[in-house]
Amino acid sequence: MEHWADFECALAYHCAPSLVGIKAADLFSWPVEPGSRVADYARAFADRGICLRVLRRGAERMLLLVYRPERLAETLDGAEVRRLLDRAGYPPEATLEELLTILSRRLHGSSFPHEIGLFLGYPPEDVEGFCRHKGQNFKICGCWKVYGDQEAACRCFDRYDRCRKAVCRRLGQCPLMEMFRPLREQGA
């Protein structure tokens, strides 16, 4: 049981902004284990409008994406984001599910798909700058490497950090699932 408390702590720390809906998506890595309860968490979160999806499963670790589908679809529907995804080879008419399937396949490939930053809600100018400069010559580095608006990025980093601290602090008082009500209760 203690191990799954560790999972909840990792999930809260790495994914708080997407869990509460202020960020498109978050990633985190977790060990692959027999009898893993990740699928149980995915089902429980789905009832709350949150998706937990395994994007890549290796021999020892898996890469999990946490997102709210409407928020991520809205983020990926921006004109500049679509232009960059099109340039990276994603079909312009692809649905969210199709985009995630393509991203997952690319994560299993030999080169890392840097367009993943678009899925995580990073500003398109920063994703484009990272690709153009091969991760060098950035203005600042926080949740991502910033090539564009430094002040806006700092405000965003601060907002994510405050969110993370609040969710982790609350996790000391109740289980993660209790922080988010099932959708059927939210409408009542």
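Could you tell me how many of the residues in segment 167-176 are in a helix (DSSP H, G or I) and over 18 Å from the mean Cα position of the chain (by Cα)?
Going through segment 167-176, the residues in a helix (DSSP H, G or I) turn out to be 167-171, 176.
Retained after the next criterion (residues that are over 18 Å from the mean Cα position of the chain (by Cα)): 169-171.
Final tally of qualifying residues: 3.
Kindly indicate whether L100 is part of a helix (DSSP H, G or I) and surrounded by 18 or more Cβ atoms within 10 Å (Cβ to Cβ). Break it down stepwise before answering.
Working: part of a helix (DSSP H, G or I): yes; surrounded by 18 or more Cβ atoms within 10 Å (Cβ to Cβ): yes.
Yes, satisfied.
Is it the case, given these coordinates, that S110 is over 30 Å from E8 (Cβ atoms) and either surrounded by fewer than 20 Cβ atoms within 10 Å (Cβ to Cβ) or over 16 Å from the mean Cα position of the chain (by Cα) (or both)? Reasoning before the result, please.
On the way: over 30 Å from E8 (Cβ atoms): yes; either surrounded by fewer than 20 Cβ atoms within 10 Å (Cβ to Cβ) or over 16 Å from the mean Cα position of the chain (by Cα) (or both): yes.
Here the answer is yes, as S110 does meet what is asked.
Filter segment 1-19 down to the residues that are outside any loop (DSSP other than H, G, I, E, B), surrounded by fewer than 17 Cβ atoms within 10 Å (Cβ to Cβ) and not charged (D, E, K, R) and list them by number.
If the condition is that a residue be outside any loop (DSSP other than H, G, I, E, B), surrounded by fewer than 17 Cβ atoms within 10 Å (Cβ to Cβ) and not charged (D, E, K, R), then H3, W4, A5, C9, A10, Y13 are the ones that fit.
Test A42 against the criterion of being assigned to a helix (DSSP H, G or I) and either more than 24 Å from G142 (Cα to Cα) or of a type in the set (G, A, S) (or both), and give yes or no.
Yes: the conditions hold for A42.
So if I check each of R155, R164, which one is surrounded by 13 or more Cβ atoms within 10 Å (Cβ to Cβ), of a type in the set (K, R) and in a helix (DSSP H, G or I)?
On the way: R155 fails: surrounded by 13 or more Cβ atoms within 10 Å (Cβ to Cβ).
The unique qualifying residue is R164.
Tell me which residues, restricted to segment 85-141, are modelled with pLDDT of 95 or more and of a type in the set (F, W, Y).
Y90, F119, Y122, F130, F138
Test K145 against the criterion of being of a type outside the set (V, I, T), over 20 Å from L64 (Cα atoms), in contact with a strand residue (DSSP E or B) (Cβ under 6 Å, 6 or more places away or on another chain) and free of Cβ contacts under 8 Å to residues at least 24 places away in the same chain, and give yes or no. I'd like the intermediate steps shown before the answer.
Working: of a type outside the set (V, I, T): yes; over 20 Å from L64 (Cα atoms): yes; in contact with a strand residue (DSSP E or B) (Cβ under 6 Å, 6 or more places away or on another chain): no; free of Cβ contacts under 8 Å to residues at least 24 places away in the same chain: yes.
No; evaluated as a whole, the condition is false for this residue.
A153 passes all but one of (1) within 30 Å of A44 (Cα to Cα); (2) modelled with pLDDT of 95 or more; (3) of a type outside the set (S, T, Y); (4) in contact with a Cys (Cβ under 9 Å, 6 or more places away or on another chain); which number fails?
Answer for A153: the failing condition is (1).
The values are calculated or read from the model by the stated rules, or taken from the named source; none is laboratory data. Predicted model, so just to flag it, every value in this text is computed and none were measured. So basically every Cβ, Gly included, is an ideal-geometry build from the backbone, and we count neighbours across all protein chains shown.
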